Amino acid sequence: MTKTSGMPSGVDVKGFKLPIVGLGTWALRDVVRVVGEAIRVGYRHIDTAQMYGNEAEVGEAVRASGLRSEIVVTTKLQPTNLAPREVERTGKESLRKLGLDAIDLLLIHWPNPGVPLADTLGAMAKLKQEGVTRAIGVSNFTVALIEEAVRVSPAPIVCNQVECHPFLNQDKVIAACRKHGMAVVAYSPVARGEASGNKVLERIGAKYGKTGPQVSLRYLVQQGIVVIPRTNKLPRLKENFALFDFELSDAEMREIHALSSRDGRIVDWSWSPNWD
Ligand SMILES: NC(=O)c1ccc[n+]([C@@H]2O[C@H](COP(=O)([O-])OP(=O)(O)OC[C@H]3O[C@@H](n4cnc5c(N)ncnc54)[C@H](OP(=O)(O)O)[C@@H]3O)[C@@H](O)[C@H]2O)c1
């Protein structure tokens with residue numbers, strides 16, 4: 001990471017720059033308006049997915065901003081689209097829906113054990129070569145899957161997007177990402193709102209005039225972890241972006257880490273991999 005205080009910065013992964021604060025858009029309502037407002041607030045990183053059904057709206061807002069070249073747009077291949085032919089077809093379809101010059105970052109949304117990883121990553125690397133996407137990455141990958149992906153991918157894997165917040169211990173997967181020089185992108189970074197009202201986070205935040213969710217987000221960015229909180233509310237868009245005028249002490253970082261456990265996971269599905 002280049003900077004943790006002052007103006008928002010980003011992580012540079014193998015030459016690909018990922019702004020450290022992004023906007024999540026899963027289940028976001030009124031997408032064009034909210035993404036537009038987020039860009040006006042200063043967000044330069046928008047997270048969408050084929051599964052969210054809102055790529056067209058995200059693209060519309062990015063184009064309308066007039067700031068396209070500054071913004072990183074991530075989208076994700078849904079697990080049923082990981083066979084090479086589907087990667088190619090639906091990757092191009094995502095780009096068409098976004099209506100942009102290229103996807104910036106294309107991820108495997110969830111691993112699919114029914115499709116060889118080498119085939120999927122090979123097809124994604126081809127899309128990168130063709131300019132459909134600028135970079136590729138993964139999401140919901142475990143340590144074992146990261147190791148396999150790094151071994152078989154023809155193109156660099158710039159990130160692993162995983163659930164990450166103070167209540168879930170992700171030490172193992174974070175260490176594996178660091179080992180391979182990949183960014184960690186934290187989804188559900190305010191624990192779907194649970195960071196609000198948490199006594200420890202609120203007490204620490206009060207010292208800096210910050211809220212529990214801001215402490216949760218600062219805890220992550222201070223470790224160089226990219227965050228993509230989602231909110232429909234303009235005041236919270238600003239709140240979730242105001243992370244660069246305070247710094248948590250080492251003791252506070254340790255106290256927040258102590259809130260985490262292996263069973264603090266919120267997002268878990270029948271198709272989830274065997275978590276670390
Ligand atoms: N790769 C994956 O499998 C995966 C899985 C899940 C999510 N994601 C991505 O990560 C993004 C974020 O994760 P998420 O949506 O699961 O959870 P989140 O960002 O941790 O939480 C969103 C919820 O918290 C509330 N909230 C946001 N900021 C707040 C604040 N400052 N104070 C109090 N409440 C606040 C929002 O409500 P209001 O709208 O009412 O503010 C919303 O209900 C998603 O939108 C999606 O882009 C990816």
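Values quoted throughout were computed directly from the atomic coordinates according to the rules given, and no laboratory measurement underlies them. Because the structure is predicted, anything quoted here is derived from the model rather than measured. Glycine gets a Cβ as well: all are built from the backbone with ideal geometry, and neighbour counts include every protein chain shown.
Per-residue 3J(HN,Hα) values for segment 205-220, derived from phi via the Karplus relation 6.51 cos²θ - 1.76 cosθ + 1.60 with θ = phi - 60°, read x, 4, 4, 10, x, 10, 8, x, x, 5, 5, 4, 5, 5, 4, 6 Hz in sequence order (x marks Gly and Pro).
Just in segment 174-276: which trypsin sites (Lys or Arg not before Pro) are loop by DSSP and have at most 14 other Cβ atoms within 10 Å? Each step should come with its number before you reach the end.
On the way: sites: Arg178, Lys179, Arg192, Lys199, Arg203, Lys207, Lys210, Arg218, Arg230, Lys233, Arg236, Lys238, Arg254, Arg262, Arg265; in loops: Lys210, Arg230, Lys233, Arg262, Arg265.
Here the sparse-neighbourhood loop sites are Lys233, Arg262.
Within the shell defined by Cβ-Cβ distances under 10 Å, the residues around Asp171 carry a net charge of +1, with Lys and Arg each +1 and Asp and Glu each -1.
Of all beta bridges DSSP finds with both residues in the chain, what is the antiparallel percent, to the nearest 5? Could the numbers behind the result be given before it?
Numbers: 4 of 30 bridges.
Percentage antiparallel, nearest 5: 15.
A full extension of the chain between Ala118 and Phe246 corresponds to an added length of 41.8 nm, given 0.36 nm per residue minus the alpha carbon distance.
Entry note, segment 98-140: relative contact order of 62 percent, from Cα contacts under 8 Å with a spacing of 6+ residues.
Give me the angle, in degrees from 0 to 90, between the Cα long axis of helix 31-41 and the longest principal axis of the Cα atoms of the chain, rounded to the nearest 10. For helix 31-41, the angle is close to 60 degrees. Sequentially through segment 178-185, phi angles give Karplus couplings (6.51, -1.76, 1.60; θ = phi - 60°) of 4, 3, 9, x, 9, 6, 9, 10 Hz, Gly and Pro residues having no value and appearing as x.
Label point of Ile266 set 7 angstrom out along Cα-Cβ; within segment 113-153, amide nitrogens under 19 Å from it belong to 139-141. With R₀ set to 35 Å, the beta-carbon distance separating Val32 from Arg134 gives a calculated FRET efficiency near 0.90.
Under a 5 Å amide H cut-off, with hydrogens placed 1.01 Å from N, Leu107 pairs with Thr75, Lys76, Leu77, Gly137 among residues at least 5 apart or on other chains. Principal axis analysis of the Cα atoms in segment 10-188 yields extents of 40, 39, 29 Å, listed in decreasing size. Taking Cβ atoms as reference points and 12 Å as the exclusive limit, the residues near His109 contribute a net charge of 0, counting Lys and Arg as +1 and Asp and Glu as -1.
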